[in-house]
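Below you'll find the structure, written out as structure tokens, and then a few comments.
The values are calculated or read from the model by the stated rules, or taken from the named source; none is laboratory data. Since the structure is predicted, the reported quantities are computational estimates derived from the model, not experimental observations. No Cβ is skipped: glycine too gets one built from the backbone with ideal geometry, and neighbour counts run over all protein chains shown. Side chains are part of the model used for accessible areas, which takes the heavy atoms of the whole protein and leaves out ligands, DNA and RNA. Shrake-Rupley method; radii C 1.70, N 1.55, O 1.52, S 1.80 Å.
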Amino acid sequence: DLLSAVYVYCVSANELLIKTSDGSFYTYGLPYIKNGFSWLHPASINKKPVLIPEMQNTTAVVHGDAQTLILINGNVYVIGTNYYGDLGLGDNMIDEQISIPMMIPNLPPVSMIACGEFNSAFIAEGRLYVFGGNVDGELGLGDNAPLHVITPTIIPELNNVTMVACGGLFMMVIADFK
């Protein structure tokens, strides 16, 4: 029942994702081919909310410029564009459009996810993992880091990370610094 909506996510300029009190997710609007949840109805307008049964047990959804991260049972699923490695899927997926959610493999249990404009981050076991665009050092990996970090990379100087937020060209964290 959509009257029990507890959260509404804007996942593109024309599409909403609605979470209800029973944990169900619905999509509504015009799926955007580059991001959002276009894997359900890639060529049609959802004139009424459509249930997404695959998103049961979702604890978080975050959206950047053209990437969406979904946290389900401690696993991170990604969808959208991978131009800067902002999906964290590795170099074999660079510049590809991902229209079906893919799980980032081999991760410890994840507790929090975040997206910036072209960068993404998550917290797992108190450590911060970052990936995506790093043109202005927004990933916090230092001066010699690559411009595009294509797989989740730990920031070794940070421990006991409890919160992360990403912006266009910056990232904020609450953590202990070594």
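For residue 82, all conditions in the list (1) more than 19 Å from residue 61 (Cα to Cα); (2) within 13 Å of the chain's Cα centre (by Cα) hold save one; what is the number of the exception?
Condition (1) is where residue 82 drops out.
Hey, does region 74-94 have a residue that's surrounded by fewer than 15 Cβ atoms within 10 Å (Cβ to Cβ) and among the aliphatic types (A, V, I, L, M)? Outline the logic, then answer.
Keep residues of region 74-94 that are surrounded by fewer than 15 Cβ atoms within 10 Å (Cβ to Cβ), which gives 74-75, 91-92, 94.
Right, trim to among the aliphatic types (A, V, I, L, M) and you get 94.
Scanning region 74-94 turns up at least one residue that is surrounded by fewer than 15 Cβ atoms within 10 Å (Cβ to Cβ) and among the aliphatic types (A, V, I, L, M).
Please name all residue pairs, on different chains or six or more residues apart, with Cβ atoms under 6 Å, provided the first residue is in region 116-130 and is over 20 Å from residue 82 (Cβ atoms) and open to solvent by 10 Å² or more (accessible area, probe 1.4 Å) and the second residue is modelled with pLDDT of 95 or more and not in a strand (DSSP E or B).
Going by the 6 Å Cβ cut-off, the qualifying pairs are 125/108.
Might you let me know whether region 136-153 holds any residue that is without any contact (Cβ under 8 Å) to a residue 60 or more places away in the chain, surrounded by 14 or more Cβ atoms within 10 Å (Cβ to Cβ) and under 15 Å from residue 67 (Cα atoms)?
Checked region 136-153: no residue is without any contact (Cβ under 8 Å) to a residue 60 or more places away in the chain, surrounded by 14 or more Cβ atoms within 10 Å (Cβ to Cβ) and under 15 Å from residue 67 (Cα atoms).
I want to confirm something. Restricting to region 155-173 and keeping residues that are under 18 Å from residue 71 (Cβ atoms) and among the β-branched types (Val, Ile, Thr), which single residue is surrounded by the fewest Cβ atoms within 10 Å (Cβ to Cβ)?
Here the answer is 162.
Can you tell me which residues in region 148-178 are over 19 Å from residue 62 (Cβ atoms), at pLDDT 90 or above and outside any strand (DSSP E or B)?
156, 157, listed by residue number.
Hand me the list of strands (runs of 3 or more DSSP E) wholly inside region 25-108 holding 1 or more residues that are among the basic types (Lys, Arg) and either farther than 16 Å from residue 8 by Cα or modelled with pLDDT of 75 or more (or both). Steps first, answer last, please.
On the way: elements: 25-29, 46-51, 58-63, 67-72, 75-81, 97-103.
Filter on region 25-108 gives 46-51.
Within region 74-113, how many residues are closer than 17 Å to residue 147 by Cα and of a type in the set (A, V, I, L, M)?
4
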